[in-house]
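Peer 1: To start, I am sharing the structure in question, which I have written as structure tokens.
The values are calculated or read from the model by the stated rules, or taken from the named source; none is laboratory data. Every value quoted in this text rests on a predicted model; they were computed, and no experiment measured them. Cβ coordinates were reconstructed from backbone atoms using ideal geometry, including for glycine residues, and neighbour counts include every protein chain displayed. Note: accessible area is taken over every heavy atom of the protein model, side chains too, but ligands, DNA and RNA are not part of it. Shrake-Rupley method; radii C 1.70, N 1.55, O 1.52, S 1.80 Å.
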Amino acid sequence: MDGLDPQPLDERAWGATPEQSRALSALHQDLLNSGAQARGTFYLPGVSEVRHLRAYLLEPEVMAALRWSETPETAGSGWPFVQFLTWLRDRASGFACVLTSNARQPYAPALNEEIDLHLHPDCPVPNLLITHRAHVLRHGRGQKIPVDGDWTRPWQAMHALNLSAWDRRGLLLPE
């Protein structure tokens, strides 16, 4: 798959289990309390394992995603987690963007080497956001995102970077 194909979902109480539903609700509230603006809930059919995403925008340069799986079999990798993504104004540091997450498991396969990835398992959302902004400052400044801009654009660009890395490593199978 060349790009993400987010399919809008109805807003409702999500979660494959009561525990997961409570975790999703708490993370969603933490994001809203941090100033995030919700952009909707989506299903990503071309993504393996963690296919549910609630998108957020934190002005001026941070995109956020609350990710989880509704499939009970993916309990470990499908547990709700948050991702913060910022694209950098320039690539002088050798990185295109910064991705910070509180996911419990590392990404497999490894992401593109132009993505400055930071994993802080189970880190609370307010601390994760502070940490993410500190990681971005090491590289300079982030690109501003228009308030009414397309939330998918930064995620599509990161997906394209990953696809190119996975193809270069011979990890993609022809369709």
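Peer 1: List pairs: first in the range 106-125 and over 20 Å from residue 47 (Cβ atoms), second small (Gly, Ala, Ser) and assigned to a loop (DSSP other than H, G, I, E, B), Cβ under 7 Å, 6+ apart or cross-chain?
Peer 2: Between residues of the range 106-125 that are over 20 Å from residue 47 (Cβ atoms) and residues that are small (Gly, Ala, Ser) and assigned to a loop (DSSP other than H, G, I, E, B), the close pairs are 121/103; 125/34.
Peer 1: Please verify whether residue 40 is surrounded by fewer than 19 Cβ atoms within 10 Å (Cβ to Cβ), within 17 Å of the chain's Cα centre (by Cα), part of a strand (DSSP E or B) and touching a residue at least 24 places away in the same chain (Cβ under 8 Å), treating the condition exactly as stated.
Peer 2: Considered against the rule, which asks whether it is surrounded by fewer than 19 Cβ atoms within 10 Å (Cβ to Cβ), within 17 Å of the chain's Cα centre (by Cα), part of a strand (DSSP E or B) and touching a residue at least 24 places away in the same chain (Cβ under 8 Å), residue 40 comes out as yes.
Peer 1: Right, here's the next one. Would it be correct to say that residue 25 is under 23 Å from residue 150 (Cβ atoms), without any contact (Cβ under 8 Å) to a residue 60 or more places away in the chain and surrounded by 14 or more Cβ atoms within 10 Å (Cβ to Cβ)? So that I can check it myself, show each step before the final result.
Peer 2: Details: under 23 Å from residue 150 (Cβ atoms): no; without any contact (Cβ under 8 Å) to a residue 60 or more places away in the chain: yes; surrounded by 14 or more Cβ atoms within 10 Å (Cβ to Cβ): yes.
Considered against the rule, which asks whether it is under 23 Å from residue 150 (Cβ atoms), without any contact (Cβ under 8 Å) to a residue 60 or more places away in the chain and surrounded by 14 or more Cβ atoms within 10 Å (Cβ to Cβ), residue 25 comes out as no.
Peer 1: Report, by residue number, each residue of the range 110-136 that is assigned to a loop (DSSP other than H, G, I, E, B) and more than 16 Å from residue 80 (Cβ to Cβ).
Peer 2: Within the range 110-136, 110, 111, 112, 113, 114 qualify.
Peer 1: Let me ask another. For the range 127-144, how many residues are in contact with a Phe, Trp or Tyr (Cβ under 8 Å, 6 or more places away or on another chain) and open to solvent by less than 80 Å² (accessible area, probe 1.4 Å)?
Peer 2: The total comes to 5.
Peer 1: Would you check which residues across the range 14-53 are farther than 15 Å from residue 83 by Cα and modelled with pLDDT under 90 and list them?
Peer 2: Of everything in the range 14-53, those that are farther than 15 Å from residue 83 by Cα and modelled with pLDDT under 90 turn out to be 16, 17, 45, 46, 47, 48, 49.
Peer 1: Which of (1) touching a residue at least 24 places away in the same chain (Cβ under 8 Å); (2) more than 18 Å from residue 31 (Cα to Cα) does residue 137 not meet, given it meets every other one?
Peer 2: Answer for residue 137: the failing condition is (1).
Peer 1: Quick one: in the range 137-152, which of the residues that are at pLDDT 90 or above and not in a loop (DSSP other than H, G, I, E, B) is farthest from the chain's Cα centre (by Cα)? Even if it seems obvious, please write down each step before you answer.
Peer 2: Start the filter on the range 137-152 by keeping residues that are at pLDDT 90 or above, which leaves 137-144.
Cutting the leftovers down to not in a loop (DSSP other than H, G, I, E, B) gives us 137, 142.
Working: 137: 19, 142: 16 Å.
Only one residue fits best here, namely 137.
Peer 1: Sticking with this one: I'd like to check something: does the range 54-61 contain any residue that is at negative phi, touching a Leu at 6+ places or on another chain (Cβ under 8 Å) and outside any strand (DSSP E or B)?
Peer 2: No - not one qualifying residue is present in the range 54-61.
Peer 1: Of all residues in the range 107-124, which are more than 17 Å from residue 139 (Cα to Cα), of a type outside the set (A, V, I, L, M) and within 13 Å of the chain's Cα centre (by Cα)?
Peer 2: Residue satisfying the conditions is 107 alone.
Peer 1: Yes or no: residue 79 over 19 Å from residue 159 (Cβ atoms), at pLDDT below 95 and touching a Leu at 6+ places or on another chain (Cβ under 8 Å)?
Peer 2: So residue 79 does not fit the description; no.
Peer 1: Residues of the range 93-106 being surrounded by 14 or more Cβ atoms within 10 Å (Cβ to Cβ) and hydroxyl-bearing (Ser, Thr, Tyr), which ones?
Peer 2: 100, 101 - these are the residues of the range 93-106 that are surrounded by 14 or more Cβ atoms within 10 Å (Cβ to Cβ) and hydroxyl-bearing (Ser, Thr, Tyr).
Peer 1: Any residue in the range 6-17 that is open to solvent by less than 40 Å² (accessible area, probe 1.4 Å), within 24 Å of residue 157 (Cβ to Cβ) and touching a residue at least 24 places away in the same chain (Cβ under 8 Å)?
Peer 2: yes
Peer 1: Tally time: how many residues in the range 154-174 are without any contact (Cβ under 8 Å) to a residue 40 or more places away in the chain and surrounded by 13 or more Cβ atoms within 10 Å (Cβ to Cβ)?
Peer 2: 1
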